[in-house]
1. Among DSSP beta bridges lying fully in the stretch 153-275, give the percent that are antiparallel, nearest 5.
2. Just for the chain, what percent of DSSP beta bridges are antiparallel, to the closest 5?
3. Taking a ≥ b ≥ c as the square roots of the Cα gyration tensor eigenvalues, with a/c under 1.5 meaning rounded and otherwise prolate when a/b beats b/c, else oblate, which class fits the stretch 85-211?
4. For mean projected area of the Cα convex hull in nm², the listed values are (1) 19.7; (2) 18.3; (3) 21.0; which was obtained by calculation from the structure presented?
5. Roughly what % of Cα-Cα distances in the stretch 228-336 sit above 23 Å, to the whole percent?
6. Tally Lys/Arg at +1 and Asp/Glu at -1 over every other residue whose Cβ is under 13 Å from the Cβ of residue 53; what's the total?
7. For the stretch 212-259, just say rounded, prolate or oblate: build the C-alpha gyration tensor, square-root its eigenvalues into a ≥ b ≥ c, call rounded for a/c under 1.5, and beyond that prolate if a/b exceeds b/c, oblate if not.
8. Straight-line reach from residue 280: which lysines fall under 22 Å, measuring Cα to Cα and dropping same-chain residues less than 8 apart?
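Read the figures in this text as sums done on the coordinates, not as results from a lab. None of these values were measured; they are calculated from a predicted model. Neighbour counts run over all protein chains shown; Cβ positions are idealised from the backbone, glycine included.
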Amino acid sequence: MPLTGRRTLTQYLIEQRRRFPEASGDFNALILDVAMACKAIAREVAFGALGDVLGNHAAEAGGSVNVQGEAQKKLDVLSNDYFLRITEWGGHLAGMASEELEAPHQIPPQHPRGKYLLAFDPLDGSSNIDVNVSVGSIFSVLRAPTPDGLDVTEADFLQPGTQQVAAGYALYGPTTMLVLTVGNGVAGFTLNPNLGEFMLTHPDLTVPEDTQEFAINASNSRFWEAPVKRYVDECLAGKTGPRGKDFNMRWIASMVAEAHRILMRGGVFLYPRDTKDASKPGRLRLLYEANPIGFIMEQAGGRASTGRASVLAVKPESLHQRVGLVFGSRNEVERIERYHAEPLQKALDNPLFRERSLFRA
């Protein structure tokens, strides 16, 4: 045991590897490379304006956008570069996919190639950077279908979330934390800045089955589907409503921060499919946002859903596919699924959806 009395991330991974004596060690090395990238990003985030990393990325004439059509922050670009450069050289990866890149990233020819794929959102919630609110990184590890040295294709990444080997996120807040699942529960590690090591501080994270907190962007209420309106109105009705208890509503605009709060004390997060933009059947990206967070939630005893069924069962159709997402305390997520499964007329007959609804259509 280290002098601190806590295990390091390296020690934790070694203990997990002992369950699989035939393992080569490549997986552990990959996770440690990802952790190194997160440490580098944490350092840049901590310097903020002192490091000249705030604001939009100025590509030549003025600003740049990613494949999503979103304005890139300086830290978006820098974080993406850290993930690529720190993980591409070790011989553990066959290729990578990122929110910031239109096509898969190929491993440079001078580096050996491995048997894993890495999909990541290098800086989730980057719109919060300039106001010093918590942000994070999200990652997912898959097995490469054809580890034969050929260039990876988009199709190689189109695996359902049930095929993930590992998933995790880093939270850059008052402390930097790494939350990880390798398919055997969820563990949380806190970065010790004196040692430069992630130390195991939360060995068995679990999501309570019940909650009195929900998180949703209420400004989109006019675009919500009837089951979502029903659920939110019932929560807002409080003790005198059909739920018989008061709820608190949260919204941080950083999914990593929302997920972390739910892991710590329960809750439910909703970014559902809506009618705001018919070309986008959801806001969040399936492969490198919804699937890794969903895997973590399921491993912690919670549930992650499209609102209708398990998000981990969705077969991806494209690299940057969007999806509606609801995750958190199991009983609340399953309630939302039931509301979607009920006939529409039953939901509309609910008095909460007549003219006096708290959120009128």
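1. Within the stretch 153-275, antiparallel bridges account for around 75 percent of the total.
2. In the chain, DSSP labels about 80 percent of beta bridges as antiparallel.
3. The shape class here is prolate.
4. Recomputing mean projected area of the Cα convex hull in nm² here picks out (1).
5. 26 percent
6. In short, -2.
7. Cα axes put the stretch 212-259 in the oblate bin.
8. By straight Cα distance, residue 280 reaches 229, 315.
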